[in-house]
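Asks: I'd like to ask some things about the structure below.
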Amino acid sequence: MSGILFHKYGGEDLDSYYPIRPECQADVPKVRFKARAGKTLSARRWHAAFSEDGHLDIAKVLRRIQRGGIHPSIKGLVWEFLLGCYDPNSTFEERNQIRQQRRQQYAAWKTECQNIVPIIGSGKFITAAIVTDDGQSLQDSNRDSLDQGWHVDGAISDKKVLQWMLGLHQIGLDVVRTDRSLVFYESETNQAKLWDVLAIYSWVDNDIGYVQGMNDICSPMIVLLENEADAFWCFEHTMRRLRENFRTNTGMIGVQSQLSTLSQIIRTIDPKLHQHLEDLDGGEYLFAFRMLMVLFRREFSFVDALYLWEILADITGNLDAKKACNEALKIQKKYLSKSKK
């Protein structure tokens, strides 16, 4: 399955769908995956996989994805199923009802957040703190808020509101750094869309809130899905599986257990490498912490990372870090073997 990631012939140039800024060309990983004529899940094959009332033959779709990935023109639609947003056994009518209900719910949450911080939904975002740790407003010195003409009256006493507001500028700082090689994120509107989704998610999931790395997970949904609410629900379903990776209030982030799994995998498939890492005092595999947390988003090109996720995701929306390690290792091993020839 991993071999087709580096297939280099008879394929379509996928860079045209996710263009890279010219000044960043030399700094981004080279795209290895090429769409294969007759193998990729095309728009035609995707539409043919539905019955008359909308039931999806998901087995056929998954087989096609394993063989050649998903054509960019339909990625967003397919991802909604891969990430578990919709049941393939549902009908067109049922999914339309669910979609409308979710969009209404997202709009309600967005309104809640806008009532507290009106810059949400404005097409802009903040990168400077707006409150102190004890709830005092910092807006007199915050140009973002001054430009929007809003302010906080008095100190913030609600613990949930304060905790949420304290993290908003960090989301903004991370948004600026997210996939900045993509032309897509040259637009402040698109950056603000990512910020809005992350800010609203951190309001809804106040147990975890926002943690750095969520921006890398959310970014593909923003790129692939035009509707902000639909992008939010794809991210929300993804986080149902990954949120323990970002839990920090126990002193141990959930991904720690996956580092142990990675160690077992390497020890089994490449004992010499494992021993070498042990000799270098790297046997705890802490160097792979970021890789597992964001599922190799920063190790591969944008196109290749999307494909890696597609072959890992099952219909329950389970993006599994153990499977990610296995497939990423296969991909890298195959690439290295080819480079030696």
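The values are calculated or read from the model by the stated rules, or taken from the named source; none is laboratory data. The structure displayed is predicted, hence computed values, not measured ones. Using ideal geometry, Cβ is built from the backbone for each residue, glycine included, and neighbour counts are taken over all protein chains shown.
Asks: What helices (runs of 4 or more DSSP H) completely inside segment 226-341 contain at least 2 residues that are at negative phi, of a type in the set (A, V, I, L, M) and modelled with pLDDT of 75 or more?
Replies: 228-242, 255-269, 271-279, 289-293, 302-312
Asks: Now for a different question. State yes or no: is residue 56 on the phi < 0 side of the Ramachandran plot and either assigned by TED's automatic domain parsing to the domain that holds residue 305 or in contact with a Leu (Cβ under 9 Å, 6 or more places away or on another chain) (or both)?
Replies: No; evaluated as a whole, the condition is false for this residue.
Asks: In addition: Looking only at segment 197-221, which residues are closer than 23 Å to residue 82 by Cβ and without any contact (Cβ under 8 Å) to a residue 12 or more places away in the chain? I'd like the intermediate steps shown before the answer.
Replies: The first filter runs over segment 197-221 and keeps only residues closer than 23 Å to residue 82 by Cβ, leaving 197-198, 200-201, 204-205, 208, 213-221.
Listed by number, the list is empty, since nothing qualifies.
Asks: Yes or no: segment 28-36 includes at least one residue that is free of Cβ contacts under 8 Å to residues at least 60 places away in the same chain and surrounded by fewer than 16 Cβ atoms within 10 Å (Cβ to Cβ).
Replies: no
Asks: Test residue 94 against the criterion of being touching a helix residue (DSSP H, G or I) at 6+ places or on another chain (Cβ under 8 Å), acidic (Asp, Glu), on the phi < 0 side of the Ramachandran plot and not assigned by TED's automatic domain parsing to the domain that holds residue 58, and give yes or no.
Replies: No: the conditions fail for residue 94.
Asks: Would you be able to tell me the number of residues in segment 110-127 that are farther than 17 Å from residue 231 by Cα and among the charged types (D, E, K, R)?
Replies: The total comes to 2.
Asks: Right, next: Scanning segment 61-104 for residues that are free of Cβ contacts under 8 Å to residues at least 12 places away in the same chain and surrounded by fewer than 15 Cβ atoms within 10 Å (Cβ to Cβ), which turns out farthest from residue 225 (Cα to Cα)?
Replies: Initially, segment 61-104 is screened for residues free of Cβ contacts under 8 Å to residues at least 12 places away in the same chain, giving 63, 87, 96-97, 100-101, 104.
Of the ones still in play, those that are also surrounded by fewer than 15 Cβ atoms within 10 Å (Cβ to Cβ) are 63, 96-97, 100-101, 104.
Details: 63: 23, 96: 16, 97: 18, 100: 15, 101: 17, 104: 17 Å.
Of everything passing the filter in segment 61-104, 63 is farthest from residue 225 (Cα to Cα).
Asks: What's the number of the condition residue 212 fails, among (1) among the polar types (S, T, N, Q); (2) at pLDDT 80 or above; (3) part of a helix (DSSP H, G or I)?
Replies: Exception for residue 212: condition (3).
Asks: So residue 168 fits all but one of (1) at pLDDT below 95; (2) touching a helix residue (DSSP H, G or I) at 6+ places or on another chain (Cβ under 8 Å); (3) closer than 23 Å to residue 214 by Cα; what number is the exception?
Replies: (1)
Asks: Quick check on segment 278-299: of everything there that is surrounded by 19 or more Cβ atoms within 10 Å (Cβ to Cβ) and either aliphatic (A, V, I, L, M) or without any contact (Cβ under 8 Å) to a residue 60 or more places away in the chain (or both), which residue is farthest from residue 177 (Cα to Cα)?
Replies: 285
Asks: Let me ask something else. If we keep just the residues of segment 207-246 that are among the polar types (S, T, N, Q) and touching an Asp or Glu at 6+ places or on another chain (Cβ under 7 Å), which is farthest from residue 196 (Cα to Cα)?
Replies: Within segment 207-246, the match that is farthest from residue 196 (Cα to Cα) is 212.
Asks: Just one of (1) modelled with pLDDT of 95 or more; (2) in a loop (DSSP other than H, G, I, E, B); (3) surrounded by 13 or more Cβ atoms within 10 Å (Cβ to Cβ); (4) not assigned by TED's automatic domain parsing to the domain that holds residue 193 trips up residue 120, so point out which.
Replies: Residue 120 satisfies all of (1) modelled with pLDDT of 95 or more; (2) in a loop (DSSP other than H, G, I, E, B); (3) surrounded by 13 or more Cβ atoms within 10 Å (Cβ to Cβ); (4) not assigned by TED's automatic domain parsing to the domain that holds residue 193 except (4).
Asks: Out of the residues in segment 49-60 that are without any contact (Cβ under 8 Å) to a residue 24 or more places away in the chain and part of a helix (DSSP H, G or I), state the one that is surrounded by the most Cβ atoms within 10 Å (Cβ to Cβ).
Replies: 60
A quick yes/no check of all residues on (1) out of contact with any helix residue (DSSP H, G or I) (no Cβ under 6 Å at 6 or more places or on another chain); (2) among the polar types (S, T, N, Q); (3) farther than 14 Å from residue 243 by Cβ; (4) surrounded by fewer than 21 Cβ atoms within 10 Å (Cβ to Cβ):
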| position | (1), (2), (3), (4) |
| --- | --- |
| 176 | yes, no, yes, yes |
| 184 | no, no, yes, yes |
| 188 | yes, no, yes, yes |
| 196 | yes, no, yes, no |
| 205 | yes, no, no, yes |
| 213 | no, no, no, no |
| 218 | no, no, no, no |
| 227 | yes, yes, yes, yes |
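Asks: Please tell me if residue 54 is of a type in the set (Gly, Ala, Ser) and closer than 30 Å to residue 177 by Cβ.
Replies: So residue 54 fails the test.
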